[in-house]
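Here the structure is laid out as structure tokens; the discussion comes afterwards.
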Amino acid sequence: MSKRSEGTGERDHERDSLRDPSRNTPHNPLHNPWRAFVNVAQIPETGLHREIEADVTARATMADLAGLREISSARASFDLTLDRRGRVHVAGTLRARVGQTCVVTLDPVDNEIDETVDVTFAPAEQIPQLADVVHEVVASDAEIPDTPEPIVGGVIDLGRLATDVLLLAIDPYPRKPGAVFESEVATADPEEHPFAALKALQLEPKTPDLRKPRGKR
């Protein structure tokens, strides 16, 4: 391939990256198994509703990342609203069914995940300013707001958002209903306590001295 052809290919790739920021880095399913892009510029004034569902491959990869037996289902519903400052409010729900292993019995157990999502995305250049506002609120007694997530390349990846919410909602210590740890700590015998022996010495009656005092007959 000639140098000119190589240069042309690079420029084509740059143009494609501008049209679709997801091309900026190679798609690595191990890091981002669930993808669902929304172009911020295409969000209408009335808002945008999106329903997404992870396919078999994405669920298998997420299960492997989280150390789960399986993720049998994962779907999310989002409502996006764009304001005049270019910030996007994303509200919705994530529902999933995950297969885990009981930490007590080691039996398989299935858990349902139902999480509410309420996140704000902002242009990357606004993040430092908004982070300063959060720091100022921390110093006061007011409720601490969440720092907005950055909008990268003009798009929001709802799949990545759903993945993060799902992984954070997984119970790290799943148990089957009624499963409890059996205590192996034996109850100490109070009579063997060292202070019990001391107490017994204090309670022993003193033996009277029946010997006659010296000097007396």
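The values are calculated or read from the model by the stated rules, or taken from the named source; none is laboratory data. The structure displayed is predicted, hence computed values, not measured ones. Backbone-built Cβ (ideal geometry, glycine too); neighbour counts: all protein chains shown.
Overview of results
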read-out: Hey, Ala186 in a loop (DSSP other than H, G, I, E, B), surrounded by 13 or more Cβ atoms within 10 Å (Cβ to Cβ) and modelled with pLDDT under 80 or not; value: no
read-out: Residues that are of a type in the set (D, E, K, R) and over 21 Å from Ala58 (Cα atoms), drawn from the range 98-113; value: Asp107
read-out: In the range 88-116, the residues that are in contact with a Lys or Arg (Cβ under 9 Å, 6 or more places away or on another chain), free of Cβ contacts under 8 Å to residues at least 60 places away in the same chain and among the small types (Gly, Ala, Ser); value: Gly92, Gly99
